[in-house]
Amino acid sequence: MIAEARVRNRTGRHDDETLIRRLYAEHGKMLLAYATRLTGDRGAAEDLVQETLIRAWRHSDTVAGATVPLKGWLLTILRNLAHDRLRRRSVRPAEVPELPEGGPASGDHADRVVESLVVLDALKTLSTEHYTVLVEIYYRNRSVAEVARMLGIPEGTVKSRTHYALRSLRAALTAGEEGR
């Protein structure tokens, strides 16, 4: 049992490390499973289990002298830590992942403006039907069914026009790169 792990080391102090190791050996898997269920994230769950054991270590006198099973106490600590973590994350702005080198945010603002102008010029080379379909689907974020209803044409025609419009746009952009 846990109290047995509370032995004195050479300096006469209790060996808290042995106590916590025993606590982890007895309850670690259960705590990790519970934390993973609460967070849905293995890394966050491991952090919660570690913090739970740190809290137990801070109260090692209570843990060593416990006459009742510690499972409920540990689960309560872990649950409270998980709720605190959730509350902290809900008031903090969402974290934005870093973009890889050469991603959409690479380069300066002038490069992005030039790229936009190049795409706009390439769009002008498309037929009216192709241009309309691309604008409705990609810029106005409409579904194929919505565009078909709006233009009064079958959905298959919208899909076909989108395919050929993208192909023409790609060709215009490639031709523009070769001309530079």
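Every number in this text was worked out from the coordinates using simple rules, so none of it is lab data. A quick note: this is a predicted structure, and the numbers were derived from the prediction, not measured. Cβ coordinates were reconstructed from backbone atoms using ideal geometry, including for glycine residues, and neighbour counts include every protein chain displayed.
Here are the numbers:
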{"quantity": "Reachable lysines, given that their alpha-carbon falls under 16 Å from the alpha-carbon of Lys29 and they are not under 8 places away in the same chain", "calculated": "Lys71"}
{"quantity": "Amide proton proximity set for Ala66, modelled H, under 5 Å, gap of 5+", "calculated": "none"}
{"quantity": "Charge context of His83, other residues only, Cβ under 13 angstrom, K/R +1, D/E -1", "calculated": "+3"}
{"quantity": "Extension reserve of the Asn80-Tyr139 stretch, reckoned as 0.36 nm per residue once the Cα distance is removed", "calculated": "16.7 nm"}
{"quantity": "FRET efficiency, 1/(1 + (r/R0)^6) with R0 30 Å, evaluated for Glu155 and Leu117 via beta carbons", "calculated": "0.40"}
{"quantity": "Derived scalar couplings ³J(HN,Hα) [segment 146-160; Karplus, 6.51 cos²θ - 1.76 cosθ + 1.60; whole Hz; x for Gly, Pro]", "calculated": "5, 5, 4, 4, 5, 8, x, 10, x, 4, x, 5, 4, 4, 4"}
{"quantity": "Environment charge of Arg149, counting only residues whose C-beta is closer than 10 Å and scoring Lys/Arg +1, Asp/Glu -1", "calculated": "-1"}
{"quantity": "Charge context of Thr36, other residues only, Cβ under 12 angstrom, K/R +1, D/E -1", "calculated": "0"}
{"quantity": "Whole-Hz couplings from phi, Karplus 6.51/-1.76/1.60, listed for segment 70-76; x for Gly and Pro", "calculated": "8, 3, x, 5, 5, 5, 5"}
